[in-house]
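See below for the structure under consideration.
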Amino acid sequence: MAMVMDRGAGTPGMSNDVVTREARYVLQTYKRNPVTFVRGQGVRLYDAEGREYLDLLSGIGVAALGHAHPTLARAVAEQMQTLIHTSNLFYHPLQGQLAERLANLSGLSRAFFCNSGTEAVEACLKFARRYWFTKGEPRAEFIALEESFHGRTFGSLSVTSDPHYREPFEPLLPTVKFVAVNDSQALRAAVSTRTAAIIAEPIQGEGGVRPLTPAFAAAIDDACAKTGALFIADEIQCGLGRTGNPFYFQTLGLKPQLVSIGKALGGGVPVGAALVRQDVADAIKFGDHGTTYGGNLLACRAALCFLNELVDNGLMAQVARVGEHFKRALKGIAAKHAFVKEVRGAGLMWGLELDRDAAPVVKAGLERGVVVNRTSERVVRLLPPLVITEPDLDEALGRLDAALGAAGAEA
């Protein structure tokens with residue numbers, strides 16, 4: 001039965017039927033933008049009235065292969081007709097293949113599969129605690145960074161710094177200390193032999209697209225070497241080729257024992273993973289952690305398809321090339337608008353920090369057919385699909401340039 005979209009009077013690009021039904025039945029935890037997307041193709045999205053948008057957000061970094069990618073669509077459709085799920089009570093042929101590919105890409109020996117980034121962080125926190133328990137010297141403390149975001153489940157939220165996310169749900173884990181990002185002295189002072197692990201995003205995403213400096217990365221390595229604390233690299237947003245390298249911790253020379261991944265891994269099919277170095281894996285016992293859906297055949301097939309495109313079909317090299325073009329173009333745009341204070345990022349992960357609220361830029365972008373995001377209040381976040389080409393990027397940035405001009409004129 002075909003779904004009929006109501007395109008009656010209302011905001012252009014909106015379906016009144018969709019909005020009314022959501023207002024009645026969906027828990028109101030999201031403040032949505034006034035657009036109803038119904039179709040996508042490559043780096044383009046189409047709303048309920050057929051209007052086209054260039055996507056510079058990719059579902060917050062998830063639609064890494066763009067929309068309706070033919071290879072991913074075929075792989076998922078084929079798997080749906082074969083076998084989707086059996087549970088982790090049994091073997092299936094794909095989970096080991098995916099774990100092997102991720103081990104080769106990351107240098108960490110093993111993978112625990114789950115369904116999302118926040119679950120991957122939860123697993124990393126548990127595995128860090130389990131490591132010290134197994135060693136016979138339990139450690140409970142975690143060191144996290146200000147401006148961090150690691151997820152919304154209780155453990156992940158405990159190492160997320162923003163009071164807006166935390167306060168309604170406190171008390172959270174009591175053994176978390178926050179230090180200022182890129183403050184090496186503060187980090188060294190905070191880490192001790194009570195610290196189970198340091199957790200950090202090599203490029204902070206929700207916190208405003210803030211890369212860790214090489215000096216701060218060196219301070220993390222130094223603090224871990226002196227105290228034995230583990231390091232958890234949260235690569236949910238900046239990993240899996242987003243910066244033109246497999247992981248940004250590798251760019252910084254960091255040596256994590258645990259890595260959380262998600263978002264891009266399934267190209268839109270929910271899948272996450274905690275990657276675990278062998279010495280930590282040796283401390284994990286049967287029954288220490290589990291998941292019903294995690295690592296099922298559908299998720300693994302999608303992830304294998306994504307990694308094949310990323311590594312074997314040259315997508316990561318394309319990201320590195322297009323990323324340099326992206327950086328030059330953004331710096332040129334920023335030079336035209338005095339209220340753009342800074343351009344930060346790498347590869348296809350960028351933030352434009354403004355001297356004012358970024359919300360008007362998001363609105364003006366939608367009006368001009370380009371999808372971007374506001375984060376950390378004053379930052380325009382850009383996470384286009386990894387498949388974006390220079391011509392598509394130039395067209396999208398032309399629309400963003402116009403949106404910045406309109407937002408600046410209205411201020």
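The values are calculated or read from the model by the stated rules, or taken from the named source; none is laboratory data. Quick caveat: nothing in here was measured; it's all calculated off a predicted structure. For neighbour counting, all protein chains shown are included, and Cβ atoms are generated from backbone atoms with ideal geometry for every residue, glycine included. The accessibility values were calculated without ligands, DNA or RNA, using every heavy atom of the protein model including side chains. Shrake-Rupley method; radii C 1.70, N 1.55, O 1.52, S 1.80 Å.
Structure notes:
- Filtered residue count, the range 350-360, keeping only those that are touching a residue at least 24 places away in the same chain (Cβ under 8 Å) and in contact with a strand residue (DSSP E or B) (Cβ under 7 Å, 6 or more places away or on another chain): 5
Conditions tested, residue by residue: (1) within 24 Å of Lys263 (Cβ to Cβ); (2) in a helix (DSSP H, G or I); (3) of a type in the set (Val, Ile, Thr); (4) in contact with a Pro (Cβ under 9 Å, 6 or more places away or on another chain).
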{"residue": "Arg328", "(1), (2), (3), (4)": "no, yes, no, no"}
{"residue": "Arg356", "(1), (2), (3), (4)": "no, no, no, no"}
{"residue": "Pro391", "(1), (2), (3), (4)": "no, yes, no, no"}
{"residue": "Ala396", "(1), (2), (3), (4)": "yes, yes, no, yes"}
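- Matching residues, the range 159-182, being open to solvent by 90 Å² or more (accessible area, probe 1.4 Å) and either in a loop (DSSP other than H, G, I, E, B) or closer than 21 Å to Phe216 by Cα (or both): Glu170, Pro171, Pro174
- Counted residues, the range 63-82 - those being open to solvent by 40 Å² or more (accessible area, probe 1.4 Å) and over 22 Å from Tyr46 (Cα atoms): 5
- Applying the set (1) under 23 Å from Phe249 (Cα atoms); (2) free of Cβ contacts under 8 Å to residues at least 12 places away in the same chain to Gly347 leaves exactly one unmet item: (2).
- Scanning the range 390-411 for residues that are surrounded by fewer than 16 Cβ atoms within 10 Å (Cβ to Cβ) and at pLDDT below 95 turns up Ala409, Glu410, Ala411.
- Residues of the range 360-389 satisfying the condition of being open to solvent by less than 40 Å² (accessible area, probe 1.4 Å), outside any loop (DSSP other than H, G, I, E, B) and not polar (S, T, N, Q): Val361, Val362, Ala364, Gly365, Leu366, Val370, Val371, Val379, Val380, Arg381, Leu382
- Matching entry among Gly50, Gly66, Gly59 (being more than 19 Å from the chain's Cα centre (by Cα) and among the small types (Gly, Ala, Ser)): Gly50
- For the range 201-251, a residue qualifies if it is more than 19 Å from the chain's Cα centre (by Cα) and at positive phi, and exactly one does: Gly228.
- If you filter the range 35-47 down to residues that are assigned to a loop (DSSP other than H, G, I, E, B) and either free of Cβ contacts under 8 Å to residues at least 60 places away in the same chain or under 22 Å from the mean Cα position of the chain (by Cα) (or both), you find that the one that is surrounded by the most Cβ atoms within 10 Å (Cβ to Cβ) is Val43.
To keep it simple, each residue is scored yes or no on (1) buried (at least 21 other Cβ atoms within 10 Å of the Cβ); (2) part of a loop (DSSP other than H, G, I, E, B).
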{"residue": "Asp221", "(1), (2)": "no, no"}
{"residue": "Phe231", "(1), (2)": "yes, no"}
{"residue": "Gln237", "(1), (2)": "yes, yes"}
{"residue": "Phe249", "(1), (2)": "yes, no"}
{"residue": "Pro256", "(1), (2)": "yes, yes"}
{"residue": "Ala273", "(1), (2)": "yes, no"}
{"residue": "Gly287", "(1), (2)": "no, yes"}
{"residue": "Thr291", "(1), (2)": "no, yes"}
{"residue": "Cys300", "(1), (2)": "yes, no"}
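- All of (1) open to solvent by 30 Å² or more (accessible area, probe 1.4 Å); (2) touching a residue at least 24 places away in the same chain (Cβ under 8 Å); (3) over 18 Å from Ala75 (Cα atoms) hold for Gly262 with one exception: (1).
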